[in-house]
Structure formats: C-alpha cells, structure tokens
Amino acid sequence: MSDLDPIIATALRARADGDVRIDSLLEGARRSGARHRRNRRLAVSASAAVVVAVLLAAVVLLPRQFSGPPANTHTPTPATTASPTTVAPSPTPPERPRPPEVPGMRPLAGGGQLGEGRQLHLDTADPDVIETSWGSGEGEEMSVTRNPRTPYLYEHYEVAGRPTEGARDAMADADRAHREGTEHTDDLAVTGRPATLEWGPDWAALRWRPVDTAWLYAVVSFQEREPDATKAAERARGAVLEVAGFLRLDKVRQCAVEFHLTWSLSDTHLASCATTWTATGKVIMATAGFRLAGGSPFLITDTVATDPPHVNTTYDGKGLEYDPTNGATIWLDGHQYTFERRQSGLPEEPILHMLTSLERTAPTTDPLAR
Amino acid sequence: MISFDDYVRLRGERLVRLARLLVRDRHLAEDLVQDVLGRAFVRWERISRAEDVDTYVKRMLVNQHISWRRKRSSSEVAVDTSAGHLERADPADIGAEAAERDAAWQLIAELPPKQRATLVLRYYEDLDDAAIGEILRCSPVTVRTQAMRALATLRRRLVDEAALTRKDVNR
C-alpha cells in the first residue's frame, strides 16, 4: 500500500457521495431503453447540431445497381472465404405502408443529401419487417425489427448514414464501444465499392459508401452467439450483405409529427425528426428534436398513451407530470407527449409553458410553424 | 435471473456514484447511467443470464463513458460546475486534509479516461487487477501499467502542488 492510497480512496469517496433518486433513475432508464429500442439515436444524440452541407453542387449519379430493382431476386448466401464479396440489391420493396414520398426532393440516388430537410432518405426492401424507425437530423438512421429468417437469424438491424467519413466513423466507433466480444475485420465490395466488415460473437457491421454523398454504417444483431470463429465470420458476412442488398436510396420520405407548439422560446429551432411505423402502417412514435440558440437539445415525443396520466402539477389550468430530472409529460386525446430536457438545462417554467402550448395537428414537418 | 427493475433498485445507486467519478459532472453522470441502463434494458434477457451481470453493466458504463468523451465537446464532458472543482482549496480555510483531498480529486479528474477509470475501479470499487481487466477489456498487466502511470502522475503533481502551497504560505 502506497502513501497515496488513502488519499485517493478518501477523495473518491467524498466525490461520489450524494443522494441518488432510484425511482427517477429507473424511469429514465426505461425511457432510454424504449428510445434505444426504437432507434431514435439521431434524435437523442447530444452531439453538436450539424446542418448537412449543401455545398456539394455536383449531382452524383448512383451506381446502376441502386437505380432500380433488378429483374431477378438475389438472395445472398454465406461466403466461405475471406475474399472480397459483392452484393446485389433485393427486389422491389413490398407494398407495405411507410411515410409518404416528398415530391421535389432529390433522393440519395439522385445526389440528395442525408438529413436534408430533416426528411428520410434511407429505406429497406426487407420483406420480413415488423417495425421500422427512421430518424433524420445530423445524419440519418433507420432501425428495423424483423422476423428472423434462416440462415442468418437476425431480428434487428440499423443503418446509419453521415455526410462525411469522419462523422460516420465517430458514430460507428461509439456504437462499437458497447458491443461485446473480440472484433474482427475483413474487406468486402458492395455494389462495386470497397467496404469494411466488422464482427463479434453476436453482431456484425458494415462500413461503406454506396453513393458519394453518404457514408453508411449498418449493424446487425444476431439472436444467438456463434462460438465457432469460421461460422461467425460467414454469418456476419452473409447478414450484412443481405442488409446492404435490402437498402433503397431512391426515394425521399416525409418525417412528420402530429403536433405543434403554439409557444416556444424565441431561439428554439427544429433540429431532428424521428418516426416509428409498424409494417401495417401504424405510427407508434414520433419525435421532434429541438435546439436552443446555444445548441442545447431537448425532445418532445408523441406516443399512444398506454398508462393512465400521473398528474402532479398544473400549468395554465392544464394537468401535467413534472419530473425535475427528466422533464414533463402531458396527456391529450389518448396520446402522451413527453418533454425530455436532455442537456438543455431548461428550468421548469418554460418546459411547462411549451408543453401546455402543444396542440394536436395533421402531420407536419415543422411543429414550430405558426 | 434478476429482473431489470430489481437490478436497478439494487445497484443503481452504486452505478451513479461510479459514474460521478468517471464523468465528473453529476448531472451528466446520471444521464450516462440512464443511457447505459437503457441499452441494457433492451438486451436485459441476455444480460441477466451473464455470469456476472454487474461486471457486464460496469463494462458498458466505462465503455460508454469513453465513447461519450470521444463524441462530445470538452465543455459538455469535463466541466464540473459544482463547488470545489478547479478552484485551489485554501488550507487556511478548510484544513490541510480537505485541501489534500480536493487536490487529489482535481488531479484524478485530469487523468486520461482509462487511467482514471483504472484508479476509480481499484480505489472506489475495490476491485483487483483481474476484475478491472475484465471491465476495461485488457490484461491485468495492462491494468497495473495504467495504474502505475496514473499514480506516478498523481505523485508528481501532488508534490508540485505542495511546493506551490508552501511557496504561497511563505510569501
């Protein structure tokens, strides 16, 4: 034991001290879990607001593979070697409900930009989708929950895009930091472009650039761990190529929420949007992410109310639940609207004022529009 | 298998205290724990079957902390506005022991994240090098190296601090 040991131990104990509100922590964790499950990572990201660069004047044409569906179905099979592998897109997306197209906006396939107008540029032709979440802001993300199908048996994948390689890698590295297991990498080719495959015992990820304006990261979560290294590598390669084959970049779809704020702080602007749809077309969650002038974010999420209201305060004659740690919730017409304070540090008054000014509307892309 | 709610009720407080030492800002520490528990919640069925759930969650916490540091600007991560941070403690006012404690904390907080995590896990969580290696995903040898470097830095800086304090007192 060194002379420093007691000094360090005492300093740490003193620093860690202080009350912890467990109920609030549990509630916040569950909320965070729901958020992760529905993959609104873009909307909840606390990183600095980034407006997608609009300076790329040249229209970049998409490689032919993405310009339309091929005539024949292509089902990738697991590769058996570590040599580069290619993938072709899957057939036309099945006719299932999804957000409406935005006329007049260029898709990624036509030189459009990720996050442009906070609309949605990523889509999937996966026939086994159960639920899809899209998010658009600093970049874009799409999260898919699906019925797993042999041979790869994965029930969830995410595709995230950023306008630069650095931003994509920062996001991918952060994602990987909480994934378990020894990581491996391999080189692939996806639609003729170089790609990097990474995998662990229960996940696989792909980094590539399918069009010049988008650097993508796709990550697949498997149901079971694969202890055999060779089989794990084959499964990883097959699954990410299948996901890459499902990907569609030829449409721009609308990210909308069904509420607007009749009052907000004067320096508030819309920074991101996210929406979650079931395969049958039910919208189960929609989130608008806002930023104040200094860049501090906060969110308002609309979900169908599943629990009875827990009103503990009133503002302007309206009942709400206020939670000093996380924010506030208000209930309207069978929906609940949760204001998440995040790093904005907003005090109680403007939170309650904004939330009680909320009104239900037809789908809108700008909940701050007066 | 422990349920998610039971785990949070049982271990949540300890996780927040651990996070306060990793993140420094107390509000961000709670955010970090919520974020990590949220990720754990999604995969709880699998995590709760792990041999050592606590080690698993602590590993998520430390990793997520390191990734937060990568992603965020220094102002979001490193600034602690609570009392005592950055200001040098005045021995005349609060006593030599408290001054030493504050100075030690200040210096620990300035260590690189992995070195700081190593010290926190060793001196606060009271874990041995093998257990720390499990959390940081490195060998016990690497843990010892990280700890040695951290302690050498602390020792050197504490000596400098003491010299500065003596100078001030003699002035």
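Just one of B:57, B:62, B:36, B:77 is within 17 Å of the chain's Cα centre (by Cα) and at pLDDT below 85; which is it?
Answer to the selection: B:77.
Quick check: is even one residue across segment A:330-341 of a type in the set (Asp, Glu) and farther than 22 Å from residue A:25 by Cα?
yes
Any residue that is under 30 Å from residue A:147 (Cα atoms) and buried (at least 22 other Cβ atoms within 10 Å of the Cβ) - is there at least one of those in segment A:307-326?
No, segment A:307-326 has no match at all.
Quickly run through segment A:239-275 and pick out the residues that are of a type in the set (Ser, Thr, Tyr) and within 20 Å of the chain's Cα centre (by Cα).
A:272, A:275
Please determine, by comparing only the residues of segment B:101-149 that are assigned to a helix (DSSP H, G or I) and small (Gly, Ala, Ser), which one is farthest from the chain's Cα centre (by Cα).
The residue in question is B:130.
Restricting to segment B:1-17, what's the tally of residues that are facing chain A (nearest Cβ under 7 Å) and either hydrophobic (A, V, I, L, M, F, W, C) or surrounded by fewer than 19 Cβ atoms within 10 Å (Cβ to Cβ) (or both)?
Total satisfying the criteria: 5.
Please go through segment A:291-340 and give me each residue that is over 28 Å from residue A:362 (Cβ atoms), under 27 Å from the mean Cα position of the chain (by Cα) and in a loop (DSSP other than H, G, I, E, B), ordered by number.
Across segment A:291-340, the qualifying residues are A:293, A:294, A:295, A:296, A:324, A:325, A:326.
So that you can scan it fast, the table gives a plain yes or no per residue for (1) outside the structural domain of residue B:132 (by TED's automatic domain parsing); (2) under 17 Å from residue A:33 (Cβ atoms); (3) assigned to a helix (DSSP H, G or I):
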residue: B:22; (1), (2), (3): yes, no, yes
residue: B:39; (1), (2), (3): yes, yes, yes
residue: B:49; (1), (2), (3): yes, no, no
residue: B:56; (1), (2), (3): yes, yes, yes
residue: B:61; (1), (2), (3): yes, yes, yes
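From the list A:185, A:213, which one is at negative phi, surrounded by fewer than 21 Cβ atoms within 10 Å (Cβ to Cβ) and of a type in the set (S, T, N, Q)?
It is A:185.
How many residues does segment A:353-369 hold that are without any contact (Cβ under 8 Å) to a residue 60 or more places away in the chain and either in contact with a His (Cβ under 8 Å, 6 or more places away or on another chain) or more than 24 Å from residue B:35 (Cα to Cα) (or both)? Steps first, answer last, please.
Residues of segment A:353-369 that are without any contact (Cβ under 8 Å) to a residue 60 or more places away in the chain, as a first pass: A:355-356.
From what is left, the residues that are either in contact with a His (Cβ under 8 Å, 6 or more places away or on another chain) or more than 24 Å from residue B:35 (Cα to Cα) (or both) are A:356.
The number of residues fulfilling the criteria is 1.
Could you check, for segment A:239-247, whether at least one of its residues is closer than 18 Å to residue A:36 by Cβ and small (Gly, Ala, Ser)?
no
Out of the residues in segment B:31-45 that are of a type in the set (D, E, K, R) and more than 7 Å from chain A (Cβ to nearest Cβ), which is farthest from residue B:64 (Cα to Cα)?
Among them, the one singled out is B:45.
Step by step: first the residues of segment B:18-30, then only those that are within 8 Å of chain A (Cβ to nearest Cβ) and basic (Lys, Arg), then the one that is nearest to residue B:64 (Cα to Cα). Which residue is that?
B:20
With respect to residue A:179, determine if the residue is touching a Phe, Trp or Tyr at 6+ places or on another chain (Cβ under 6 Å) and at pLDDT 90 or above. I'd like the intermediate steps shown before the answer.
On the way: touching a Phe, Trp or Tyr at 6+ places or on another chain (Cβ under 6 Å): yes; at pLDDT 90 or above: no.
It is false that residue A:179 is touching a Phe, Trp or Tyr at 6+ places or on another chain (Cβ under 6 Å) and at pLDDT 90 or above.
Filter segment A:190-210 for residues that are part of a strand (DSSP E or B) and not hydrophobic (A, V, I, L, M, F, W, C); which is surrounded by the fewest Cβ atoms within 10 Å (Cβ to Cβ)? Steps first, please.
Going through segment A:190-210, the residues part of a strand (DSSP E or B) turn out to be A:190, A:193-200, A:203-210.
Restricting the remaining residues to those that are not hydrophobic (A, V, I, L, M, F, W, C) gives A:193-194, A:196, A:198, A:200, A:207, A:209-210.
Details: A:193: 15, A:194: 12, A:196: 14, A:198: 20, A:200: 19, A:207: 22, A:209: 16, A:210: 24.
In this case the residue turns out to be A:194.
Which one of B:109, B:103, B:99 is within 10 Å of chain A (Cβ to nearest Cβ), at negative phi and at pLDDT below 85?
B:103 is the lone residue from the list that is within 10 Å of chain A (Cβ to nearest Cβ), at negative phi and at pLDDT below 85.
Where in segment A:1-64 are there helices (runs of 4 or more DSSP H), lying fully within it, with 2 or more residues that are at the interface with chain B (Cβ under 10 Å from one of its Cβ atoms), crowded, with 21+ Cβ neighbours inside 10 Å and at pLDDT 70 or above?
The qualifying helices (runs of 4 or more DSSP H) are A:4-16, A:22-37.
The values are calculated or read from the model by the stated rules, or taken from the named source; none is laboratory data. Keep in mind that this is a model prediction, so the values were computed, not measured. With ideal geometry, Cβ positions are generated from the backbone for all residues, glycine too; neighbour counts draw on all protein chains shown.
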